[in-house]
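Sharing a structure with you now.
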Amino acid sequence: MLEHILVVEDDEFMRLTLETELESAGYRVSLAENGLAAIELAKHQHFDLIICDIRMPGLSGLETLSALRAHQPEARNIVVTGYADPDAPITAVKLKVDDYLMKPFSSEQFLASVRKSLESQLQELRKRRSIQKLREIFLQALERGQERAPAARALRLAREFGLSPARAQSLQLAAWLDGMEDQLEGVEELKTLIAPLKESRQSGPLPLESRILRCARQLGAEDADLLAVLENQSDQQPILPDRSLRSLLSVARSYLDSGQVEVAARALEQASDRLGADQEESVLYWLLRARCLSSQPESIAAAGQALQLADQAGLEGPRAQATLLLAELGQSRPEDLFRAHRYFSQCENQAARAEVELALAERGEPQTLLSALGSSELWESQPARLQKVLRPYAQQLSEAVRQAGVRALPLLELWLGPDSDLETRLRALDLVALIDTPEAHTLLSRVSGDGSGALALKSGLLLQRGGAQPQLQVRLLGRFRLTQNGRPLPEELFNTRKVRSLFAYLASQRGKEVSEELLIDMFWQQNPDKARHSLHNAVSQLRKALRPLVGELGLLKTSDGYRLEKDGPLWVDCEQFLLHCEQARRLGAGEAAAEMRKAEGLYSGDFLEGNYEEWTEPIRSRLREELTRLLSALARYYFQTGKHQISLDSWKRLLHLDNCCEDAYLGCMLCYLELGQQAEAVRTYHSCAQKLREELNLAPPPQIVETYLKLLGH
């Protein structure tokens with residue numbers, strides 16, 4: 001089969017010349033005169049290579065390539081230009097193009113570049129398919145009951161010590177292969193897995209990956225014990241002598257969020273020895289320490305220290321978080337609460353703002369809380385505190401309850417309890433009736449069966465109303481989660497990993513027809529003889545699992561494949577994320593910022609974290625690119641509106657996603673200047689220079705150097 005090449009070039013003579021050269025060399029060629037035409041072609045045809053001019057009317061070449069990634073993630077890319085744009089090579093490097101040709105170039109130079117790109121694609125495809133086949137074999141072995149513990153421990157430890165997702169999964173696979181090194185010695189793709197396994201059986205100082213595998217063999221140990229083993233090897237050499245303070249703080253926060261307080265405390269102990277002049281890291285340390293401490297006085301002291309340091313350093317975000325933590329401990333001052341409320345309102349952090357409003361309401365200031373409850377998470381997280389604060393305002397809660405839906409049920413269930421007076425309980429029934437879901441109907445039925453005259457009669461009448469179809473929430477950003485009307489569904493809903501992955505993919509493509517051939521190539525490539533039967537069986541299991549919850553869910557069999565209907569009772573977070581991003585592009589600055597904040601709030605993590613199957617990577621990359629654009633736009637908006645601290649927070653999050661983003665470094669420097677923190681601006685410049693040199697072998701761009709020189713007074 002001939003390789004298919006797309007040429008995107010606005011100059012007709014150049015476009016036809018390239019077509020002639022490529023067809024003479026034996027390639028199949030399609031032509032597009034601009035970026036929009038190229039994107040339309042890419043929706044319906046597969047291309048092995050895309051050759052794109054940089055300067056074109058409308059979408060530029062680099063913008064076109066970025067958009068084409070969503071439709072042609074595996075296509076190779078070559079860019080050509082007749083202009084010496086100083087920023088274009090940097091952007092091209094980031095887009096990972098194969099070659100960058102300056103016009104004029106010879107026919108030999110052009111065809112050599114094409115051959116090299118296509119050969120790279122072929123090698124990459126062979127490698128990916130080979131590794132994918134091996135990976136599928138290992139995963140099947142795991143599902144059949146092959147020993148899980150060492151592989152799971154290796155994966156957890158790899159993540160704990162900051163290894164990349166790819167290396168973490170490689171160590172997981174290596175742990176599965178433990179003991180099979182001799183049989184697999186000749187498999188080229190497994191060399192990087194076999195080497196750490198062999199090293200892990202040796203004595204003396206070892207690389208980190210080999211030590212992780214050595215610890216993973218110790219059956220029955222828990223994470224904390226394994227960490228102790230890693231930190232106390234027989235050779236007494238530290239496992240991570242250069243580990244940064246920020247890395248340790250990140251580890252502590254991760255374990256705190258997952259409820260493993262003891263492990264988080266151990267990371268903080270190690271971090272305490274490395275506290276230095278960085279004020280932001282010190283504040284974060286004391287905030288995490290306050291969350292770790294079980295004694296309330298000690299927690300209050302740690303949170304107070306965080307508040308004091310943040311105040312001295314002018315860090316409004318951490319200061320507001322410290323105030324919120326003190327509020328949970330019952331020790332916040334009203335003036336600090338109002339200051340935190342202003343900050344969270346400015347950055348439109350609805351959840352944190354509602355927490356502050358609850359603390360203010362407990363001190364006799366409930367008005368702002370009443371207006372914000374409809375979209376708040378407090379219904380589920382703080383029903384007991386809300387019960388005390390809101391009881392006098394039950395008559396005013398109808399609209400807030402209607403907006404909150406099933407999340408309001410924990411509070412209403414408390415009001416319906418025997419400790420409440422009859423008037424409160426009757427009013428709570430009216431509020432429950434506003435939530436037309438199965439959970440609300442269940443609560444009404446329970447009250448109806450209690451036998452109390454007025455309550456039973458009223459709840460029975462309310463039950464005669466019809467119910468709405470339940471909604472299934474599918475969360476693909478971060479870890480895969482399913483909830484129905486706000487309540488989590490068990491992981492055992494799908495009986496195999498394959499069925500869950502199939503559903504996740506169809507949900508991410510909702511409204512689009514996906515062919516059987518594509519699904520087979522994606523999920524059952526290693527067993528082509530039984531692939532179609534396996535697909536049909538998986539679809540049947542998927543329908544069986546979801547039918548009791550939401551009927552058929554609109555999973556339609558089409559002439560060529562399957563489609564998950566758009567109008568079904570399904571809510572998908574990444575779909576909503578992209579919808580808010582699209583809305584933001586159509587609106588004016590203020591309204592667009594609100595949409596972007598909604599989108600940012602939905603991005604709780606990369607697409608299907610922990611799932612490293614090949615099909616997830618293009619979707620994950622596309623969503624990360626969208627988040628990058630969103631954060632950049634948000635940071636610029638807040639800077640232009642004078643909210644420099646919030647702009648700085650957005651730029652920092654962008655740097656966390658892309659540590660080579662020149663715009664983010666410049667944005668941080670300018671924000672620090674506006675906030676009067678020149679030393680931090682200088683430090684940001686040096687960090688930018690170091691990262692660009694290490695990652696891209698480039699110097700900082702002129703605008704950043706110019707800003708730095710102005711800082712130095714030149």
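Throughout, read-outs are computed from the coordinates displayed, never taken from laboratory work. None of these values were measured; they are calculated from a predicted model. As a convention, Cβ positions derive from the backbone with ideal geometry for all residues, glycine included, and neighbour counts pool all protein chains shown.
Given +1 on the Cβ of Lys and Arg, -1 on the Cβ of Asp and Glu, and no further charges, what dipole in debye does the stretch 470-617 carry about its Cα centre, rounded to the nearest 20?
For this selection, approximately 520 debye.
Let me ask something else about it. Taking Cα pairs under 8 Å and at least six residues apart, what relative contact order does the stretch 667-714 come out at, in percent?
Relative CO of the stretch 667-714 lands at 30 percent.
Sticking with this structure for a sec: Compute and list, largest first, the equivalent-ellipsoid semi-axes of the stretch 585-691 from the alpha carbon gyration tensor, each √(5λ) rounded to a whole angstrom.
One finds semi-axes of 26, 19, 9 Å for the stretch 585-691.
Taking the simple approach of a point 7 Å from Cα along Cα-to-Cβ for both residue 195 and residue 274, what is their distance in nm?
In this crude spin-label approximation the distance works out to 2.5 nm.
Continuing with this model, one more query. Mind jotting down a quarter of the surface of the convex hull over the alpha carbons of the stretch 517-648, in square nanometres, one decimal?
Averaged projected hull area, Cα only: 10.5 nm².
Could you list, in their original order, any pairs among 96/652; 512/557; 498/544; 643/691; 512/566; 652/691 whose Cα atoms are separated by more than 18 Å?
Among 96/652; 512/557; 498/544; 643/691; 512/566; 652/691, the Cα-Cα distance tops 18 Å for 96/652; 643/691.
Continuing with this model, one more query. Could you tell me whether the stretch 4-126 comes out rounded, prolate or oblate from its Cα gyration tensor? Rule is a ≥ b ≥ c as square roots of the eigenvalues, rounded for a/c under 1.5, then prolate if a/b exceeds b/c, otherwise oblate.
The shape class here is rounded.
Let me make sure I get this right: for the stretch 267-309, a, b and c are the square roots of the gyration tensor eigenvalues over alpha carbons, sorted descending. Under 1.5 in a/c it's rounded, otherwise prolate if a/b > b/c, else oblate. Which is it?
oblate
With a/c under 1.5 counting as rounded, go ahead and sort the stretch 636-714 into rounded, prolate or oblate using the C-alpha gyration tensor (a ≥ b ≥ c being the square roots of the eigenvalues; past the cut-off, prolate if a/b is larger than b/c, else oblate).
oblate
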